[in-house]
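Asker: Have a look at the structure that comes next, please.
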Amino acid sequence: MANKKYRIGVLPGDGVGPECIREGLKVLESACGKTNVKHELVNYDFGGDRYLRTNEILPDSAIEEFKKLDAIYLGAVGHPEVQPGLLEKELLLKIRFKLDQYINLRPVVLYPGVWSPLKDKTPEDIDFVVIRENTEGLYCGIGGVFKKNTKDEIAVQEEVNTYKGVERCIRYAFEYCEKRKSRKKEKEVTMVDKSNVLTYGHDLWMRIFEEVGKEFKDIKKGHAYVDACCMWMVKNPEWFDVIVTNNLFGDIITDLGAITQGGLGVAAGGNINPEGVSMFEPIHGSAPKYTGKNVINPIATIAAGAMMMDILGETATAENIEKAIRKSLSSGKFKSMDAGKMGMSTSEVGDLIAKSI
Ligand code: IPM
Ligand code: MN
């Protein structure tokens, strides 16, 4: 949008988050400079270190501030000295829930020049998008425990599926599919569930999929149980165009997807509220053992920056970053996508991509 100045909240977070974000911002500066996209960065130090220092994870006042931003750019959360699950729940999931970022958009794309563990598969074959529901399912934390620490212990964890939540997610998937430049002749949304066993919640998904699907006459409707989906993602990834699924299944299959596209070093994701403030992040975690070594692969974070520009409507800027990533990866300079084995440092990767813009 002409003349618009975007306010972008930057949360580098823990571990390798800050070094990845540093390179992401380097590329963003270069790309926004070229297309004259004005933006202002608002820095936040939320994460494990701050929690250990102040005992505060993410106050509600920060959420209120986030609501006034145009987007959030997140590095990674997770700190070895903080009990597992705490920062995930009180920081990452809190932002997703409180900002109602109900879509988790995760492209599974094999860039040219990147090695995939899938034998005989090329960038032609691995190019689809997973739309993961991001605010419901088993992530709501509803449930309870009875007779804890006894042999009679009962633990219940509920899966929440609401009409509203499922409908808006499935609708987003069809709309996304309609707009997407697909390599397939016939566009297709595949719903992934476990409706053969989860007969209440996933029956709701099935009915809504059919109902919403009727509005999208030109899009083929596919269906796969999640177990079979894992198999097809390995054997025939070229079958997929857009996958829509619930929160937990989406979490699981996108790690599988990430390894088929060369690993967590390249996989980016967006937590999207189409009517509000969205947050963009690499799928990988904070990888504490690599912290400060300048060996981590920043491409996932850089690609998340491209996605941020795309969702903000700055398509040309997003495309320039994507093209620069592809060009750099095709240059033959990379030895691997894995931390410490790239044949280049984190900052050299950022420089290479920033200069290719
Ligand atoms: C992801 C992560 C998170 C999730 C964790 C850190 C809570 O695995 O973004 O995929 O499960 O959503
Ligand atoms: Mn995950």
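Rule-based calculations on the coordinates, nothing more; no lab input. Just so you know, these numbers come straight off a predicted model, no measurement behind them. Methodologically, a virtual Cβ is constructed for each residue, glycine included, from the backbone with ideal geometry; neighbour enumeration extends over all protein chains shown.
Asker: Where a ≥ b ≥ c are the square roots of the eigenvalues of the C-alpha gyration tensor, would you call region 117-260 rounded, which needs a/c under 1.5, or, failing that, prolate if a/b is larger than b/c, or oblate?
Answerer: Values: a/c = 2.64, a/b = 1.53, b/c = 1.73.
It is oblate, given that a/c is not under 1.5 and a/b is not larger than b/c.
Asker: Using mean Cβ contacts within 10 Å as the protection proxy, how do 265-276, 129-140, 25-36, 145-156 order, highest first?
Answerer: Numbers: 265-276: 21.2, 129-140: 22.7, 25-36: 18.9, 145-156: 9.0.
The densest-packed peptide leads the list: 129-140, 265-276, 25-36, 145-156.
Asker: Okay, moving on. Can you tally the net charge around Asp351? Count Lys and Arg as +1, Asp and Glu as -1, for every other residue whose Cβ sits under 9 Å from the Cβ of Asp351. The partial results should precede the final answer.
Answerer: Numbers: positive: Lys26, Lys355; negative: Glu23, Glu348.
Net charge around Asp351: 0.
Asker: Taking square-rooted eigenvalues a ≥ b ≥ c of the alpha carbon gyration tensor, is region 301-357 rounded, prolate or oblate, where a/c under 1.5 means rounded and, failing that, a/b exceeding b/c means prolate?
Answerer: On the way: a/c = 2.63, a/b = 2.01, b/c = 1.30.
Since a/c reaches 1.5 and a/b is larger than b/c, the shape of region 301-357 is classed as prolate.
Asker: Checking the a/c ratio against 1.5 first, then a/b against b/c, what shape does the Cα gyration tensor give for region 254-334? It would help to have the intermediate numbers written out before the result.
Answerer: Working: a/c = 1.85, a/b = 1.26, b/c = 1.46.
Since a/c reaches 1.5 but b/c is at least a/b, the shape of region 254-334 is classed as oblate.
Asker: Only helical DSSP H runs with n ≥ 4 go in: add -39500 (n - 2.57) per run for the chain, normalise by residue count and round the 222 nm mean residue ellipticity to 500 deg cm²/dmol. Numbers along the way, then the final one.
Answerer: On the way: 11 runs with 132 residues, N = 357.
So the helix-based figure for the chain works out to -11500 deg cm²/dmol.
Asker: When DSSP beta bridges are limited to those with both residues in the chain, what percentage is antiparallel, rounded to the nearest 5? Write down the numbers at each step before the final one.
Answerer: Details: 19 of 47 bridges.
Of those bridges, close to 40 percent are antiparallel.
Asker: Below 8 Å between Cα atoms, with a sequence gap of 6+, how large is the relative contact order for region 117-260 in percent?
Answerer: Working: 214 pairs, mean separation 54.5, N = 144.
This gives 38 percent for region 117-260.
Asker: Holding the Cα-Cα limit at 25 Å, pick out from Lys185/Lys235; Lys26/Lys179; Lys185/Lys333 the pairs that are longer than that.
Answerer: Working: Lys185/Lys235 20 Å; Lys26/Lys179 29 Å; Lys185/Lys333 34 Å.
Lys26/Lys179; Lys185/Lys333, as the Cα separations exceed 25 Å there.
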